[in-house]
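Here's the structure we're looking at; comments come further down.
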Amino acid sequence: MHKEGEIMFSYRYMRMEMSDVRDGTSDLSNADVLATPNRFFGMPMQPPGLRIIPTEMTMEMHMVGAMYAPSDYVTLMVMGMYVEKDMDHITFNPMGTAQIGGFTTTTRGFGDTRVSALIRLHEDGNEKAHLNLGVSLPTGSITEEDTIFTPMGTTQRVRLPYPMQLGSGTVDVLPGITYSNRIDDFSFGGQASATIRGNRNSEDYKLGDMGEVTAWGAYQFAPWISASARVRGQTIGQIDGRDARIMGPVQTADPDNQGGRFVEAGIGLNLVGQEGILRGQRIAIEAVAPIHQDLNGPQMKRDWTLTVGWQYAF
């Protein structure tokens, strides 16, 4: 939170990479994925089993935010983002296990916009707690399309599966609570937060609700540098409903194959300007890797996430 009249601008870059396929806590081979039934079998041109396997996905987010404190007890925040996604696939023949080609799908554009308020609940010296109340506005597209290589050896332009869309399509509620404390050069804290989806969007589905808890500790070596470590637990539900234009012999087209339970660990470094033109500016970097992943149906696993941020407060 900020003191009355303070303003802060921020930019964050995040990159997440995913690869290979897991169902629950078990890794799957290509043969395992090809043996998975296709929920769209019986519809035109749909084989009985999955025939397109995602192999890698990269997501990059550019997040620009602003914060303003109209009083010592309330800080207002808005954040917009630009999202870039790439997913590599391999395609197999309709009935066998012969690989016949590969392709990459790509989406680029603005994501959803977040507007929120931080409301002070408690402050006693270095011990602080505040409430997070916000909404996510559906400014990201949910109708992105690209060209795929089908098991029949042809190309086709289709609506891309759910992980490749840029937004949720719903107005989502973002509640949370944050606690922090500091003892000498050591600081620590925790946060519990959620994303509660609204009604089904214009394409007749809504993404799964999300809950998250995280705890961290940091040590300040000098006024200008500190290092941190944290653990995060996250649960993401399956999709409710289905976009009738999203179908195909690929795991990502099935709304049941979304979400799961995750535990991740991260380490970070913070550099804070102390004087001159650097005063009020901060650069932070954090790398996060998974410890545990229990996925709802066959999905690509998370490999790592890197976040780099800049903040300027005055």
**Asked** Restricting the first residue to region 240-261 and requiring it to be at negative phi, which pairs with a second residue that is surrounded by 22 or more Cβ atoms within 10 Å (Cβ to Cβ) and basic (K, R) meet a Cβ separation below 9 Å and a spacing of at least six or different chains?
**Response** D240/R197; P249/R51; V250/R51
**Asked** On the given criteria, is I196 within 25 Å of A265 (Cβ to Cβ) and touching a residue at least 12 places away in the same chain (Cβ under 8 Å)?
**Response** no
**Item:** Only listed residue being in a loop (DSSP other than H, G, I, E, B), open to solvent by less than 60 Å² (accessible area, probe 1.4 Å) and at pLDDT 95 or above, chosen from S141, S136
**Value:** S141
**Item:** Criterion (over 28 Å from N38 (Cα atoms) and acidic (D, E)) met by exactly one of D86, D112
**Value:** D112
**Message:** If the requirement is being open to solvent by 70 Å² or more (accessible area, probe 1.4 Å), closer than 30 Å to M45 by Cα and among the basic types (K, R), which of these qualifies: R182, R157?
**Reply:** R157
**Residue selected from region 260-279 under the condition among the small types (G, A, S) and surrounded by fewer than 16 Cβ atoms within 10 Å (Cβ to Cβ), by the criterion farthest from D303 (Cα to Cα)** = G276
**Candidates Y82, Y73, Y13, Y68 - the one that is closer than 24 Å to V263 by Cα and aromatic (F, W, Y)** = Y13
**Asked** Would it be correct to say that G102 is under 25 Å from S71 (Cα atoms) and either touching a residue at least 40 places away in the same chain (Cβ under 8 Å) or in contact with a helix residue (DSSP H, G or I) (Cβ under 6 Å, 6 or more places away or on another chain) (or both)?
**Response** no
**Fill in**
Note on region 22-70: residues among the β-branched types (V, I, T), open to solvent by 50 Å² or more (accessible area, probe 1.4 Å) and outside any strand (DSSP E or B) are T25
**Request:** Could you check how many residues of region 195-232 are in a strand (DSSP E or B), open to solvent by 60 Å² or more (accessible area, probe 1.4 Å) and not aromatic (F, W, Y)?
**Result:** 3
**Message:** Here is a list: T91, T97. Which entry is over 30 Å from V213 (Cβ atoms) and surrounded by fewer than 14 Cβ atoms within 10 Å (Cβ to Cβ)?
**Reply:** T97
**Complete:** Selection from region 243-288 of residues part of a helix (DSSP H, G or I) and closer than 30 Å to P223 by Cα yields G276, I277, L278
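The values are calculated or read from the model by the stated rules, or taken from the named source; none is laboratory data. The structure displayed is predicted, hence computed values, not measured ones. Here the Cβ is made from the backbone with ideal geometry for all residues, glycine too, and neighbour counts use every protein chain on show. Ligands, DNA and RNA are stripped out before the accessible areas are found, and what is left, the full protein with its side chains, is counted by its heavy atoms. Shrake-Rupley method; radii C 1.70, N 1.55, O 1.52, S 1.80 Å.
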